[in-house]
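A short write-up of the structure that comes next.
The values are calculated or read from the model by the stated rules, or taken from the named source; none is laboratory data. Owing to the predicted nature of the structure, the values given are computational and were not obtained by experimental measurement. All Cβ positions, even for glycine, are placed from backbone atoms using ideal geometry, and neighbour counts span all protein chains on display. Accessible surface areas use protein heavy atoms only, side chains included; no ligands, DNA or RNA. Shrake-Rupley method; radii C 1.70, N 1.55, O 1.52, S 1.80 Å.
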Amino acid sequence: MKLIKNKQFGGERPLFAIHDTRLEQVTITEGESGIKCCKNIEADGCRFFGKYPWWHVDGSVITNCYFEVGSRSAIWYSRDMTMKDTVIDAPKLFREMENVELENVQFKDADETFWRIKNLRVKNVTLREGTYPFMFCENVYVEDLDCESKYIFQYCKNVEVHRAKITTKDSFWECENVTVYDSELNGEYLGWHSKNLKLVRCHITGEQPLCYVEQLVLEDCTFGPDCDRMFEDSDVQATIQGGVTNIKNPRTGRVVADFVGSITIDEHVKQPADCKIIVKP
């Protein structure tokens, strides 16, 4: 493997079409498309400042690197990538990709990050600021995610999440086949219009959670007092630890809780309108 070390590159496409190359302490300055149409690339301790520095790269390992604000839309149209121990200040990374793995990565601006990724594994990742991370992704596995970006996980399929702390709004909308374990989910309108959504030992806060859901399952979850009007027009099977403030117009299923503050069933309830709500003795 060729080694490029302690170099600086700028301008248009300075490392176009390189392959079987390791970059150490390399800086990509102003300009565009520093690394493009490449194959089998390693980058360690590198810094990226110019726009679109890593497009159409097949087979890469990125470690201990830094992507500055100006490197927006840095990594697109690439496959078979591993990234570790990296800090990203730029928005709109990771688009239209396959087979991506991240570990110990910090995003300072996660705006529109992870769009249309197939086969994505994320471990110990922090997301701050921005909107719509993980849009249109498929086959996603997440461990130890800390997210404060808005509208996370929308239009996703086949997602498994462990030990996440997500503070957001409108998360897990219109998703299919999602399971979340041992996580904290804070924000309004959780899980609306999703299908086959399962939450296990999660703590949930925010108003109107889990409405308009098909095949909703909850196992040993807890809810904050602000969770009102929950389960509207949903097909739900739930065992709840503690109680809930208000349940409104669930379509069908069974809910078991220690206590229920109030139940709203009105003329707008959808058929078959036969959900059983059971308070534990």
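Which of the residues spanning the range 191-214 are under 20 Å from K270 (Cα atoms) and touching a Leu at 6+ places or on another chain (Cβ under 7 Å)?
Within the range 191-214, G191, L197, P209, L210, V213 qualify.
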Worksheet item: Are there any pairs, at least 6 apart or on different chains, whose C-beta atoms fall under 9 Å, with the first in the range 13-27 and free of Cβ contacts under 8 Å to residues at least 60 places away in the same chain and at positive phi and the second crowded, with 18+ Cβ neighbours inside 10 Å and part of a loop (DSSP other than H, G, I, E, B), and if so, which?
Response: R13/S33; R13/G34; Q25/C46
Worksheet item: modelled with pLDDT of 95 or more, farther than 29 Å from I41 by Cβ and buried (at least 21 other Cβ atoms within 10 Å of the Cβ), is that true of I117?
Response: no
Discussion item. Exactly one condition in (1) among the small types (G, A, S); (2) in contact with a Gly (Cβ under 8 Å, 6 or more places away or on another chain); (3) crowded, with 17+ Cβ neighbours inside 10 Å is false for G70; which is it?
Written reply: (3)
Item to complete: Taking the residues in the range 181-200 that are farther than 18 Å from C156 by Cα and not in a loop (DSSP other than H, G, I, E, B) as candidates, determine which candidate is least open to solvent (accessible area, probe 1.4 Å).
Response: V200
Worksheet item: What is the number of the single condition among (1) modelled with pLDDT under 95; (2) buried (at least 18 other Cβ atoms within 10 Å of the Cβ); (3) over 25 Å from Y132 (Cα atoms) that E30 does not meet?
Response: (2)
Practice prompt. Go through (1) touching a Gly at 6+ places or on another chain (Cβ under 8 Å); (2) open to solvent by 50 Å² or more (accessible area, probe 1.4 Å); (3) among the charged types (D, E, K, R) one by one and return the number of the condition D235 breaks.
Written response: (2)
Worksheet, complete the sentence: For the range 78-114 the number of residues that are buried (at least 19 other Cβ atoms within 10 Å of the Cβ) and either modelled with pLDDT under 95 or not charged (D, E, K, R) (or both) is 17
Response to the item:
Only one of (1) more than 19 Å from W173 (Cβ to Cβ); (2) at pLDDT 95 or above; (3) open to solvent by less than 50 Å² (accessible area, probe 1.4 Å) does not apply to Q241, and that is (3)
